[in-house]
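The values are calculated or read from the model by the stated rules, or taken from the named source; none is laboratory data. On a predicted model such as this, the values are computed, not experimentally measured, just so you know. All Cβ positions, even for glycine, are placed from backbone atoms using ideal geometry, and neighbour counts span all protein chains on display.
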């Protein structure tokens, strides 16, 4: 598998360490902070584990040390692209607005 | 040059071997001579050797079946040393060299008289599934004691080497626009088309030279011989910037245009010619946009009784030995064919002087060759000759018997479609059965794939060339002029005959696994009708050859036995590797310490020279203790070092601690969110102990972080978690808080660190830094000073892990050894004593400080007595989950100290705690467990330990019992108390 690191370009997956699905952002400071809260449960435990299109955290540990979110299909192994983790959630939050604006 | 020895089956001329270079080699300790360019198979056949090995299950004598990578029978061991011996080489692929030593495999006693051949006599009792059925009797005990050891000894292919692989392997990345798998005439033609269009191409050919069947079929190309035309193509490809790699097997196709290939660099060279430190094999990780499957086709046999007798081989094999190596496999040859292709082999053998008879399964066959007898409408019914073929019975339109010394079977061709189904990232489709061609063909390929040559089902050389032209065009190649092929061999579609009428017993399909026609029928009869079930029940298609000559025939027979079409039955899934590859080639340099190298402190050499015994801490080698005269055991050393530190002055190396430099306007805020405690109020010039949680609320790591300037912090982590903490910080910063203006990097290797500990630590420090005020006021507990030592930056931290008055001093790693030696020189006045991890362990247990043994990923802040280190005014990693109700459960085990009741008892690490010495000692009565042990605490003059126990503080002052179930359930009495045995009020560290 090759991962298109936004910083380094196309690199072999051996340079990366996977962490898991990026399905929920970390709850914000000042928000819910009780263990029972659904936002925390979702962030920590809820994973759809679906077969198909997924967003996953990978750490470019043997490269630029960026955390990236890799967009790929677990059925076909096709890699669509990767986003810097630092930009991923901001972009994701904007998307619904763009859709309603159309 | 050595004298020529007779090679009875070698023709006077022909072949592309180098007759000027005779090569001496051995097989089973007998000396033979061949020529440079010979395979072991061709050289031994030239010498009249027919018997190459014994079969897997029945130990039947076996010869050569094929001439290439598909060979199931002739597996040999190369070399004999316990490390060098290398089993399961296919004699057909092994190139001979001067001094090569080879040995036959899989026999008990000499190859000619294997005692296990009795298995063959009782073979009717050893059908498929025999082991499953028979060894059920007597139960598991009988299996382990009786059956399994016998089967282990009798089964298996070859002997594995017993010592580490002495060879040297390399891994390289190879990039290309297009990878062409297969360097036959079709692959080369496609490659030339692409290379001339400007693409970078790599052609991988698994055999010793490019050219495939063009090297032996005897056809000519624009008047040139096959070998000459192949050389011409290779030269053109290389001139256009392409690469051709012989002896390179593409073993796997992976996602995203990644391919695995192994190039054999050494195995064909005489040992004297193998340059030291060069690779035996190179593992190419090939990255290519396009792939061309030019993998050719593998001939298949037909099931009839005795079709495994030495002397029965594939027609293409006999033809290859003749055309490529100048070896005539028999004087009275019989060709059994189901299509016109067999006549090409018959003609070539007749031309080489053999008396040839063709048994053609087709009644209406219409090929005539001068001097060759053809019997139409018949099939080979049985082959005779245990140690070498003598006679063939035929039946059908007529019946009879032929005296013969070689039987060449042309049962049709199976395109080598394996690689087309290795991965699903391009398409989901598998090879498809073509009932017209009687073969599985590649599925419909996507735009980045093409197939060329006989893998497409093309039969004649001209058709192969046309398919190559089409493949080149599909992938953007230039049109290349195709040569005129002369002396073309006859070809036709085969007649459908997978096994001859009545075949069953001893009609072998998979020679390597001794799976017969009868086994397939039995499998279907017993309900194993899926091709995957049949494979596992009969073992057809398993082992080193993966059924290259057997699979298609096996599933055709399964289809017949279950009344289905072959397309309905389908194939099993082909998976990498295509042919076996040494694990060493995949590992390359990533083995042993090159895979996980040691890390050494800057004073490692000093420690080694001064009696240190090292222990591994992650990748680091750290001194465990320093042996001095008078120390009888490691414990003597550790106790001596502890006492010296407690009484006067000790010094230890702390360079291995993780160190992270953190800078930026939001650095304090960042730390606030990483640690449970607050950091914004930490003054410049002060250090603070910090505790990190995981997001699930459990303790992750601890360490001390210092504020060097408003926006500049210096963090230390445990040695073990340094890399994990760094990755964690990067993850939190980038995924959760990208707006924080902070940057950080690991500086573990940049700084060396030592700790001075003991009552004289301040005096020693003052002497090292005479201009500095290191008094209790000038540098109070948790104070930090940045200063200079001999012109280099030095950072002094007044922190203590040992529980003594202590300082850690960090200087740049380059000068650390000099600084260490200076500290020893200055400290000599107080008898400064270097101490290792064992002494440090005793001291930190006496002090009740936790390490990885306690912070094992299961404990909360409260469990280790650090619950008060929480700032409730802020968010931090793990804050939400640290409030989980379970963490407040009073029954949770918390940390406690233990002291052995008897002075000579040594508490056992990992032991389980119970309230009563009477038992039972099980989970119903278990109270807790021991985490860290000091075998001898000078403070208590006996063994002490840290442990976790329910209702910890209730047990202070009470008696408990430590039981270790892995040490014979020894029961040891201990007394519980606070884990802070030593200086609980911190008077010494503050003094």
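Does residue B:748 fit the bill of being away from chain A (no Cβ under 14 Å), on the phi < 0 side of the Ramachandran plot, in contact with a helix residue (DSSP H, G or I) (Cβ under 9 Å, 6 or more places away or on another chain) and in contact (Cβ under 8 Å) with a residue 40 or more places away in the chain? Yes: the conditions hold for residue B:748. For region B:956-987, a tally of residues being touching a helix residue (DSSP H, G or I) at 6+ places or on another chain (Cβ under 8 Å) and at positive phi returns 1. Here residue B:359 meets each of (1) crowded, with 24+ Cβ neighbours inside 10 Å; (2) outside the structural domain of residue B:406 (by TED's automatic domain parsing) with one exception, condition (2).
Could we say that residue B:839 is touching a helix residue (DSSP H, G or I) at 6+ places or on another chain (Cβ under 7 Å) and closer than 15 Å to residue B:644 by Cα here? It is true that residue B:839 is touching a helix residue (DSSP H, G or I) at 6+ places or on another chain (Cβ under 7 Å) and closer than 15 Å to residue B:644 by Cα.
Looking at this structure, is residue B:198 assigned to a helix (DSSP H, G or I), modelled with pLDDT of 95 or more and more than 27 Å from the chain's Cα centre (by Cα)?
Judged against the criteria, residue B:198 is not a match.
Residue B:605 fails exactly one of the following numbered conditions: (1) at pLDDT 95 or above; (2) surrounded by fewer than 16 Cβ atoms within 10 Å (Cβ to Cβ); (3) within 14 Å of another protein chain (Cβ to nearest Cβ). What is the number of that condition? Failing condition for residue B:605: (3). In region A:18-33, the qualifying residues are those that are facing chain B (nearest Cβ under 7 Å) and more than 17 Å from the chain's Cα centre (by Cα), and the one that is modelled with the highest pLDDT is A:33.
For region B:255-274, filtered to residues that are touching a residue at least 60 places away in the same chain (Cβ under 8 Å) and within 14 Å of chain A (Cβ to nearest Cβ), the residue that is surrounded by the most Cβ atoms within 10 Å (Cβ to Cβ) is B:259. Among what's in region A:34-77 and is under 13 Å from the mean Cα position of the chain (by Cα) and over 30 Å from residue B:422 (Cβ atoms), pick the residue that is nearest to the other protein chains (Cβ to nearest Cβ). That would be A:67.
Residues that are touching a helix residue (DSSP H, G or I) at 6+ places or on another chain (Cβ under 6 Å), within 14 Å of another protein chain (Cβ to nearest Cβ) and surrounded by 19 or more Cβ atoms within 10 Å (Cβ to Cβ) within region B:275-293 comprise B:283, B:288, listed in sequence order.
When only residues in region B:853-871 that are under 42 Å from the mean Cα position of the chain (by Cα) and surrounded by 17 or more Cβ atoms within 10 Å (Cβ to Cβ) count, which is nearest to residue B:703 (Cα to Cα)? Step through it out loud before you land on a result.
So in region B:853-871, the residues under 42 Å from the mean Cα position of the chain (by Cα) come out as B:853-861, B:863-864.
Right, trim to surrounded by 17 or more Cβ atoms within 10 Å (Cβ to Cβ) and you get B:854-855, B:859-861, B:863-864.
On the way: B:854: 14, B:855: 12, B:859: 16, B:860: 16, B:861: 14, B:863: 18, B:864: 15 Å.
Selected residue: B:855.
The strands (runs of 3 or more DSSP E) located wholly in region B:405-454 that include 1 or more residues which are surrounded by fewer than 20 Cβ atoms within 10 Å (Cβ to Cβ) occupy B:432-434, B:439-441.
The set of residues in region B:628-670 being more than 43 Å from the chain's Cα centre (by Cα), in contact (Cβ under 8 Å) with a residue 60 or more places away in the chain, in a helix (DSSP H, G or I) and closer than 18 Å to residue B:840 by Cβ consists of B:639, B:640, B:641, B:642, B:643, B:644, B:645, B:646, B:647.
Among the conditions (1) within 35 Å of the chain's Cα centre (by Cα); (2) assigned to a loop (DSSP other than H, G, I, E, B), residue B:623 misses just one, which is (2). Could you please let me know if residue B:524 is surrounded by fewer than 18 Cβ atoms within 10 Å (Cβ to Cβ), in contact (Cβ under 8 Å) with a residue 24 or more places away in the chain and part of a helix (DSSP H, G or I)? No; evaluated as a whole, the condition is false for this residue. Restricting attention to region B:383-433 and to residues that are touching a strand residue (DSSP E or B) at 6+ places or on another chain (Cβ under 6 Å) and within 14 Å of chain A (Cβ to nearest Cβ), the residue that is farthest from residue B:302 (Cα to Cα) turns out to be B:423. Selection over region B:195-209 of residues that are touching a strand residue (DSSP E or B) at 6+ places or on another chain (Cβ under 6 Å) and under 28 Å from residue B:298 (Cβ atoms) gives a count of 7. Put simply, of B:365, B:380, B:347 the only residue that is touching a strand residue (DSSP E or B) at 6+ places or on another chain (Cβ under 8 Å), at pLDDT below 95 and under 17 Å from residue B:410 (Cα atoms) is B:365.
Among the residues of region B:24-45, the ones that are crowded, with 24+ Cβ neighbours inside 10 Å and touching a helix residue (DSSP H, G or I) at 6+ places or on another chain (Cβ under 7 Å) come to 4 in all. Restricting attention to region B:577-614, the residues being over 23 Å from residue B:812 (Cα atoms) and under 28 Å from the mean Cα position of the chain (by Cα) number 20.
If you filter region B:90-103 down to residues that are in a strand (DSSP E or B) and farther than 19 Å from residue B:327 by Cβ, you find that the one that is modelled with the highest pLDDT is B:101. Yes or no: region B:709-723 includes at least one residue that is within 14 Å of chain A (Cβ to nearest Cβ) and in contact (Cβ under 8 Å) with a residue 24 or more places away in the chain. Yes. Just to be sure before I move on: is residue B:876 within 26 Å of residue B:675 (Cβ to Cβ) and touching a strand residue (DSSP E or B) at 6+ places or on another chain (Cβ under 7 Å) in the structure I sent? It is true that residue B:876 is within 26 Å of residue B:675 (Cβ to Cβ) and touching a strand residue (DSSP E or B) at 6+ places or on another chain (Cβ under 7 Å). Which residues, taken from region B:508-546, are on the phi > 0 side of the Ramachandran plot and out of contact with any helix residue (DSSP H, G or I) (no Cβ under 7 Å at 6 or more places or on another chain)? Listed by number, the residues that qualify are B:514, B:527, B:539, B:543, B:546. Among the residues making up region B:879-899, those that are out of contact with any strand residue (DSSP E or B) (no Cβ under 6 Å at 6 or more places or on another chain), surrounded by fewer than 16 Cβ atoms within 10 Å (Cβ to Cβ) and more than 13 Å from chain A (Cβ to nearest Cβ) are B:889, B:890.
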